[in-house]
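Just so it is clear, none of the values below were taken in a lab; they were calculated from the coordinates. Given the structure is predicted, the values throughout are model-derived calculations rather than measurements. Note that each Cβ is placed from the backbone with ideal geometry, even for glycine, and that neighbours are counted across all protein chains shown.
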Amino acid sequence: MLKNDLLLRALAGESLTRPPVWMMRQAGRYLPDFMKLKAKYDFFTRCQTPELATEITVMPIDQIGTDAAILFSDILVIPQAMDIAVEMKDGVGPWLPNPIRAAKDVANVVVPDVTDRLHYVFEAIKQTKKVLDNRVPLIGFAGSPWTILCYAVQGQGSKNFDLAKSFCFSQPEAAHQLLQKITDTTIAYLKQKVAAGVDVVQLFDSWGGMLGEDDYQTFSWQYMQQIIDALKSKTKVIAFAKGCWFALPIMARSGVHALGIDWTCSARNARYLSGGQLTLQGNFDPARLLSPIPEIEKLARKMIDDFGVQNYIANLGHGILPNVPVDHAKAFVNAIKSYNS
Ligand code: CP3
C-alpha cells in the first residue's frame, strides 16, 4: 500500500484537504546532484542504465518532497526503438540524423517488440519501485504520436515544426501510417510500463498547440484517444496537451482521468471547457519559479484558490526550467503542501 496516495485519490475524484503536487520534468534539469551525473554520463546512458534512471527519479522525492515520482527517461526512446535514430546533442537537444520525409521512410519504420527493445525502461521501473518503497506513486509517460512525429520528421526541435506540418498536409496517407505505427508501439509500451509497476501514465502532447482545432483532431487527438481507450481500464491516465485549450471539451469526454493545463488557460476557462467535473492538473508558469520566494508562495496559493482543492493536482504548466534555484522549487511545493494547514 502507498504511504502517500494523494495523487491517486485526486485522480479518483476523492475529497482531499489539499491537492497533491509534482512538477513536470522534475527528475533532472535543475538539481545539482543531477548536474553531476549529467557531466559524467551522456543522456542515453542515463536513460538506459536502470541504476542511474532510478537514482535520478528518486532525487526530487528525497530533495524536494513532491507527492509523486516521474520516471527518468524520454519520449524519444520510442522513435529510437522504432529504428529511427535519435541523438542528444549538447546545445541543440534532440537530433535525428535520418528524418522521415517520404512514404518510403515510413515503410522502414518498425513496430518493435517493446519488451526486447525497451527492456531497460521496465527494469528501471522495477528498481525505482523498490527504492521508493511505496513512499509515493510512480508516473510513467509517453509522448503523443503527433509530438513524436514532429521530431521524427523535423529532425530536431523547432519553433513551428514547419516540416512536420508540411509532411502531414502534403502526404497525409504516409503521415497517418506513421502516426498509427507510433500509436501501436506506444500502446504496447505503456501496457508494459503498467505491468512493470507504474501507478499512473501521462501523455505529453507538447506540440499539439502547433495545430488548428480540426487538424488537431485529425493528426493528434484521434491517436491520443486510441491510447487512452487501450490504457484507461488498466491504470490512471493524464493527458497534457500544451496550447490545446480549444480541445478541452473533447478531451474531457475521452475517458481520461485528468487533463493537464498550461498557464495560458485560466483555471476558470479550464473548468468551464472541461465541464467542471474532471480532475485538472497545472498550471503554474514555470518562469514564475524565478520570482522571489514570497511571490511564488502567494501565486501558488492563488492557483489553488482558483482551481479549488477538489479534482485538482498542483503542477507547473510545462516543464521546470534548468535555471530554477532549488529553494524556489521547494518553496512552490511547500506552499501547496501547507495549504489549509
Ligand atoms: O519529468 C521528468 O523529469 C522525467 C524525465 C523526462 C525527460 N524528458 C528527461 C530529459 C521527461 C518526462 C521528458 C519528456 C520530454 N522529452 C518531452 C515532453 C515534455 C516537454 O517538456 O514538453 C519532450 C518534448 C522531450 C524531448 C526532449 N528531450 C527535448 C526537447 C530535450 C532537450 C531539451 C530539454 O532539456 O528539454 C530532451 C532532453 C532531455 N530529456 C533532458 C532531460 C533531463 C536534458 C538533456 C540531458 O539531461 O542531457
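Structure data summary
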| item | result |
| --- | --- |
| Under-5 Å amide H pairs with Asn315, H placed in peptide plane, nonlocal only | Gly282, Asn283, Phe284 |
| Estimated FRET transfer efficiency when R0 is 25 angstrom, pair Gln222-Asn108 (beta carbons, to 0.05) | 0.55 |
| HN-Hα J in Hz across the stretch 176-189 - Karplus 6.51, -1.76, 1.60, θ = phi - 60°, x for Gly and Pro | 5, 4, 5, 4, 5, 5, 5, 4, 4, 5, 5, 4, 4, 5 |
| Nearby lysines by direct alpha-carbon distance to Lys130 (threshold 16 angstrom, same-chain neighbours under 8 apart not counted) | Lys3, Lys193 |
| Size of electric dipole in the chain: Cβ of Lys, Arg +1 and of Asp, Glu -1, about Cα centre, debye, nearest 20 | 580 debye |
| Quarter of the Cα convex hull surface for the stretch 192-341, i.e. its orientation-mean projected area (nm²) | 9.6 nm² |
| Hz values of 3J(HN,Hα) by residue in the stretch 117-133 - Karplus curve (6.51, -1.76, 1.60), Gly and Pro given as x | 6, 10, 4, 5, 5, 5, 5, 4, 4, 4, 5, 5, 4, 5, 5, 5, 6 |
| Simple spin-label estimate for Val131 and Asp33 in nanometres, 7 Å along Cα-Cβ | 0.8 nm |
| √(5λ) per eigenvalue of the Cα gyration tensor, the chain, largest first, Å | 30, 23, 19 |
| Label-point separation, Thr45 to Asn98 (7 Å along Cα→Cβ), nm | 2.5 nm |
| Potential lengthening between Phe169 and Asp90 on full extension [0.36 nm per residue; Cα-Cα distance subtracted] | 25.3 nm |
| Gln202 long-range amide H proximity, modeled H, under 5 Å | Gly140, Phe141, Ala142, Ile238 |
| Where N is the number of residues in the stretch 146-260, Cα Rg divided by 2.2 N^0.38 Å | 1.04 |
| Label-point separation in nm, Asn323 to Gln177, each point 7 Å along Cα→Cβ | 4.5 nm |
| Amide H partners (placed H, <5 Å) of Phe72, local residues excluded | Thr57 |
| The chain: calculated mean residue ellipticity at 222 nm from DSSP helix runs of at least 4, using -39500 (n - 2.57) | -13500 deg cm²/dmol |
